[in-house]
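K.L.:
My questions all concern the structure below.
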Amino acid sequence: MEKFKNSVGMVFLIILLLTFIVGGYFAMRYFTQHTPEHEKKQDQEKTKIDLRIDKSKDYIYYENEDEILESEEISFLDAVINIKGMEDVNKLLKSEEDALRKTVKYSKDVELPEDVKENEAGIYSLEYRDYKDYAYSKYLSLVAIDYSYSLVNGSIPTHITSYVVDKESGKQIDGDAILQMYNTNMDNVKNKVKQRLEETQTLNSDINITETLNNFSTFGLFIDKVGELEVSFIVKTNETSYNDSVVVSE
C-alpha cells in the first residue's frame, strides 16, 4: 500500500512538473511574440510596400546600352524608374533617348579643320545623356544631364533634369515640394551655388560666376545617398562649361 501511494505521488509530481514546463514554454513564447516591439515589427512588415513594376530588377535600372565612343565614355542607354505610377515618365525618357540616338554625325560627312583628328568611331558630333541615380530611405532620385559632343569642342553640358520619387506612394515630388521638405527656397539654393563657385574659383580662375548665375535656368534638385538635398548645375567658364553639384540643405 505504501508503495502504491509513493507511485501515485511520483506520477502526480511528474505531471505537475510537465505542466509547469509546458505551460512555461507557451507563456514565454506568448510574451516574446507579443511585445510592443514585436508587434510593431510585424505591422511594419505588413505595411511594407513594393511598387516595383518588375520585382526582379532594382528601383532604377538601365537597359539597351550601346557604347558609341569608348575613348570619351559615351553611350546611349535607356533609364527606367521601376515604380508603378512612373510609366509616363519612362515613356518620356525613352522618347528623349531615341531622339538623342538620331543625332550622330560622322566625320566623313563634314569638312574637318586641318588640326582636328578623327576619333576611333569616325563620329564628328552627337547629343547624349548621362544619368546619375541615388536612393535614400523611401526616396529615389534620377538626374539626367544632357551633353553636346563634337570633335572640336569635346563634351559640353547643355541641360539638366531631375526626377525625385517617393517609392512607397509612386508619386513624383516636384521642386517646390522638395524645397519645402528641407525648409529652404531657391534664393538659398543660388547662394549655395555662389559659395561653391567662389570656393572653386580659387583653383580654377576661368570660372565665370556672373554668367553662371545669370544663366541659372537649368538645374536638378535631388536627394543624395545620405539624405542631403543637392543641386546639380552647369558651370560657365571663359572657355567651356562643365557640370557640378553642391549640398543646399542646412
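Read the figures in this text as sums done on the coordinates, not as results from a lab. Note that the structure is predicted; figures quoted are calculated from it, not measured. So basically every Cβ, Gly included, is an ideal-geometry build from the backbone, and we count neighbours across all protein chains shown.
K.L.:
Counting Lys and Arg as +1 and Asp and Glu as -1, each charge on the Cβ, what is the dipole of segment 119-203 about the Cα centre in debye, to the nearest 20? Don't skip to the answer; put the middle values down first.
P.N.:
Values: 9 positive and 12 negative charges, 41 e Å.
The calculated dipole for segment 119-203 is roughly 200 debye.
K.L.:
Please list the non-local residues whose amide H lies under 5 Å from the amide H of LYS171, H modeled 1.01 Å from N, same-chain partners needing a gap of 5 or more.
P.N.:
Amide H to amide H, under 5 Å and 5 or more residues apart or across chains, LYS171 pairs with ASP166.
K.L.:
Along the charge dipole of segment 60-247, Cβ charges K/R +1 and D/E -1, which of VAL246, ASN208, TYR124 sits furthest on the positive end?
P.N.:
Highest projection toward the positive end goes to VAL246.
K.L.:
Follow-up. Once both labels are modelled 7 Å past Cα along the beta-carbon direction, what's the MET181-VAL110 spacing in nm?
P.N.:
It works out to 4.0 nm between the two label points.
K.L.:
Length gain on complete extension for the stretch ASP58 to THR200, per 0.36 nm per residue less the alpha carbon to alpha carbon distance?
P.N.:
Working: separation 142, 0.36 × 142 = 51.12 nm, distance 3.54 nm.
47.6 nm is the gain from fully extending ASP58 to THR200.
K.L.:
Continuing with this model, one more query. Amide H of ASN243: which non-local residues (sequence gap of 5 or more, or other chain) have their own amide H closer than 5 Å, using H built in the peptide plane?
P.N.:
Amide H neighbours of ASN243, under 5 Å, 5+ apart: VAL235.
K.L.:
In segment 207-250, which residues have a backbone nitrogen under 13 Å from the label point lying 7 Å from SER137's Cα in the Cα-to-Cβ direction?
P.N.:
Flagged as within label range: 223-229.
K.L.:
Continuing with this model, one more query. Report relative contact order for segment 74-174 in percent, whole number only (criteria: Cα-Cα under 8 Å, sequence separation at least 6). Don't skip to the end; give the middle numbers.
P.N.:
Details: 161 pairs, mean separation 22.0, N = 101.
Relative CO of segment 74-174 lands at 22 percent.
K.L.:
Counting alpha carbon pairs within less than 8 Å and at least 6 residues apart, what relative contact order, in whole percent, applies to segment 60-247?
P.N.:
Numbers: 327 pairs, mean separation 28.4, N = 188.
In percent, rounded to a whole number, it is 15.
K.L.:
Once Lys and Arg get +1 and Asp and Glu get -1 on their Cβ, which of SER150, ALA79, GLY227 lies farthest toward the positive end of the dipole of segment 60-247?
P.N.:
Checked the options; the winner is GLY227.
K.L.:
From Cα pairs below 8 angstrom and at least 6 apart in sequence, can you work out the relative contact order of segment 135-207, rounded to a whole percent?
P.N.:
It comes to 20 percent, rounded to a whole number.
K.L.:
Whole angstrom only: what separates the Cα centroid of segment 79-128 from the Cα centroid of segment 217-250?
P.N.:
First find each Cα centre; the distance between them is then 23 Å.
K.L.:
Convert each backbone phi in segment 208-220 into a coupling constant with the Karplus relation 6.51 cos²θ - 1.76 cosθ + 1.60 (shift: θ = phi - 60°), then list the ³J(HN,Hα) values in order as whole Hz, x for Gly and Pro.
P.N.:
3J(HN,Hα) across segment 208-220, in whole Hz: 9, 5, 4, 5, 4, 6, 5, 10, 7, 10, 10, 7, x.
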